[in-house]
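Take a look at the structure below.
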Amino acid sequence: MHALWLLLLLCLSLAPLIPAEKGLEFPRYDGKDRVIDINNKNYKKAMKKYTMLCLLYHKPIPDDKELQKQHQMIEMVLELAAQVMEEKEIGFGMVDSHKDTKVAKKLGLVEEGSVYVFKADHYSAFKEAAEQFQPYIKFFTTFEKAVAKELTLKMNEVDFYEPFMEEPVTLPDRPNSEEEDDVEGSHIVAFAEEEDPDGYEFLELLKEVARDNTHHPGLSIIWIDPDDFPLLIPYWEKTFQVDLFKPQIGVVNVTD
């Protein structure tokens, strides 16, 4: 709870300044609901709507009345923060650790009571590389000390895992040579969510086409499930001018 009050104070510090003669004006809730109940159906829309999205990963709402009051107070703190930061296109949401396990897993939410921040220009260099090479190379980040230790990762270090190799190459120890770059050319790229009924039917047709044309060495079909890359959806939609809420297919010409 203390962390949430600190978050609200931070939001107040970023709000427009008021004349000194008015004194300190603490915001009053205007009654408009701004905090989003994030779930697997609406998280993509929320990611696209805001330049920064702050998500509280919380325990299920308790049955005890006193604990319910505490939960309502937390919601009010978030509503005030959302109200103050609305003009700056900063949104706030809540993710239930029991009800919304699927979206929590996709977004990497693990610690109940923590606020996770997703910002558009965070880790710009790493994201630019991810955008350049997706889906040929998958990119992952970790903020967990235990995970980094298990992977022998140092702060801000990038490890590259080649196919079938157990040990990674720490970049830029051995940059890729021109001979290793074989992604140039034309590729059929399909966007479809496997768990969506329309997406599943679309994928079955795509697989059938791929099986019937295995004898064509120049045919390259790439399938991307947008559900696996929520932070890249706005980039793909802007780049390819498509709506990824439904299956899409097209031809991409990859050059230098």
Could you work out the local net charge near ARG34, counting Lys and Arg as +1, Asp and Glu as -1, over the other residues with Cβ closer than 9 Å to its Cβ? -2
Difference of contour (0.36 nm per residue) and Cα-Cα distance, VAL158 to LYS145: 3.2 nm
Please list, in order, the residues from region 202-228 whose amide nitrogen is less than 16 Å from a point placed 7 Å along the Cα→Cβ vector of VAL252. 220-228
Neighbours of HIS71 by Cβ distance under 12 Å: Lys/Arg at +1, Asp/Glu at -1, summed charge -2
So for R0 = 30 Å, FRET eff. of LYS41-HIS215 from the Cβ-Cβ r, to 0.05, ends up at 0.15
Tell me which residues come under 5 Å, amide H to amide H, from MET52 once H is placed; ignore anything under 5 positions away on its chain. GLY91
Cα gyration tensor shape of region 184-254, rounded if a/c is under 1.5, else prolate or oblate by comparing a/b with b/c: oblate
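Every number here is computed from the coordinates shown, using simple stated rules; none is lab data. Model, not experiment: these values are computed from the prediction. Here the Cβ is made from the backbone with ideal geometry for all residues, glycine too, and neighbour counts use every protein chain on show.
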